[in-house]
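Asker: Once you've had a glance at the structure underneath, I'll fire off some questions.
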Amino acid sequence: SNLTITTTFYDIVVDDAGFITALDNTRNRLFQYDQNSNLLYAFGGTGTQQGTFKTPVAIEALGNSLLVLDSGYGSLTRLAPTEFGTNVRQAILLFNDGLYEQAMGHWQEILKRDSNYELANIGMGKIYEKTGDYTQAMEYYRRGNEKPGYSDVFAAKRDDTMRRWFAVVLAVIVVLLLTMVIVVNY
């Protein structure tokens with residue numbers, strides 16, 4: 001079935017750390033993106049339980065929290081990040097600051113809760129790529145469905161392997177050629 005759902009962003013806010021949150025008033029959901037426009041998660045929805053809305057009309061950032069004004073319920077809801085969300089935000093901020101080892105612990109915590117979270121797998125892939133562990137980087141990029149990263153690391157691993165073995169292969173070829181010359185001349 002070709003179900004198409006239209007999203008209408010009604011309001012948008014960028015918090016102090018640079019995370020972007022957009023309010024979709026078609027499905028009453030919030031979408032949060034990192035500084036590079038990667039979707040981190042979507043939350044909210046239509047309903048009466050905590051964290052859902054009837055007619056959300058505005059959002060505002062307050063530290064790490066979000067304030068959502070709902071004209072349908074006549075309410076102001078404060079949403080704070082979960083432990084998962086806090087780990088995602090910290091991992092991204094640390095990684096963007098070049099603190100890869102510190103970011104790794106947060107990515108690992110995220111993957112314990114959701115081993116298929118693409119951004120965490122890509123984050124781990126980038127960390128292993130920067131440390132030169134191409135085999136691990138390729139595995140995490142594969143899990144994160146990050147084809148450009150996988151391709152780059154595959155090429156780097158191939159080049160690294162060629163550099164390491166070039167002298168040995170060249171020496172074997174020279175020895176074989178000399179052996180052939182000696183055998184042919186006798």
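Asker: Find all pairs meeting these conditions: Cβ atoms under 8 angstrom apart; at least six residues apart or on different chains; first residue within region 91-111 and closer than 14 Å to ALA17 by Cβ; second residue of a type in the set (D, E, K, R).
Answerer: Correct list of pairs: ILE92/ASP34; PHE95/LYS126.
Asker: So which of TYR150, TYR100, TYR128, TYR141 ends up being hydroxyl-bearing (Ser, Thr, Tyr), under 11 Å from the mean Cα position of the chain (by Cα) and surrounded by 14 or more Cβ atoms within 10 Å (Cβ to Cβ)?
Answerer: Numbers: TYR150 fails: under 11 Å from the mean Cα position of the chain (by Cα); TYR100 fails: under 11 Å from the mean Cα position of the chain (by Cα); TYR128 fails: under 11 Å from the mean Cα position of the chain (by Cα).
That would be TYR141, the only listed residue that is hydroxyl-bearing (Ser, Thr, Tyr), under 11 Å from the mean Cα position of the chain (by Cα) and surrounded by 14 or more Cβ atoms within 10 Å (Cβ to Cβ).
Asker: Sort out for me the helices (runs of 4 or more DSSP H) sitting completely within region 99-162 that have 2 or more residues that are modelled with pLDDT under 90. Break it down into steps so the answer makes sense when it comes.
Answerer: Numbers: elements: 100-113, 118-130, 134-143.
Counting at least 2 such residues, we get 100-113.
Asker: If I ask for residues that are open to solvent by less than 80 Å² (accessible area, probe 1.4 Å), of a type outside the set (Asp, Glu) and in contact with a strand residue (DSSP E or B) (Cβ under 6 Å, 6 or more places away or on another chain), which ones from region 70-97 would you list?
Answerer: Once the filter is applied, which keeps residues that are open to solvent by less than 80 Å² (accessible area, probe 1.4 Å), of a type outside the set (Asp, Glu) and in contact with a strand residue (DSSP E or B) (Cβ under 6 Å, 6 or more places away or on another chain), region 70-97 yields SER71, THR77, LEU79, ALA80, VAL88.
Asker: Now a separate question. Pull up region 115-149, narrow it to residues that are without any contact (Cβ under 8 Å) to a residue 60 or more places away in the chain and of a type in the set (A, V, I, L, M, F, W, C), then point me to the one that is farthest from THR161 (Cα to Cα). Spell out the reasoning first.
Answerer: Our first condition is that a residue be without any contact (Cβ under 8 Å) to a residue 60 or more places away in the chain; within region 115-149, this holds for 115-118, 120-149.
Right, trim to of a type in the set (A, V, I, L, M, F, W, C) and you get 120, 122, 124, 127, 137-138.
Details: ALA120: 27, ILE122: 23, MET124: 22, ILE127: 20, ALA137: 15, MET138: 15 Å.
Taking the candidates together, the pick is ALA120.
Asker: Let me spell it out: the conditions are (1) part of a strand (DSSP E or B); (2) surrounded by 14 or more Cβ atoms within 10 Å (Cβ to Cβ), and ALA17 meets all of them except one. Which number is the exception?
Answerer: Tallying (1) part of a strand (DSSP E or B); (2) surrounded by 14 or more Cβ atoms within 10 Å (Cβ to Cβ), ALA17 fails exactly one: (1).
Asker: Can you find a residue that is under 16 Å from THR77 (Cβ atoms), open to solvent by 60 Å² or more (accessible area, probe 1.4 Å) and not in a strand (DSSP E or B) anywhere in region 32-46?
Answerer: No, there is no match, as no residue in region 32-46 is under 16 Å from THR77 (Cβ atoms), open to solvent by 60 Å² or more (accessible area, probe 1.4 Å) and not in a strand (DSSP E or B).
The values are calculated or read from the model by the stated rules, or taken from the named source; none is laboratory data. All values derive from a computational prediction rather than experimental measurement. When we count neighbours, we look across all protein chains shown, and the Cβ atoms used for this are built from the backbone with ideal geometry, even at glycine. Note: areas computed on protein heavy atoms with side chains; ligands, DNA, RNA excluded. Shrake-Rupley method; radii C 1.70, N 1.55, O 1.52, S 1.80 Å.
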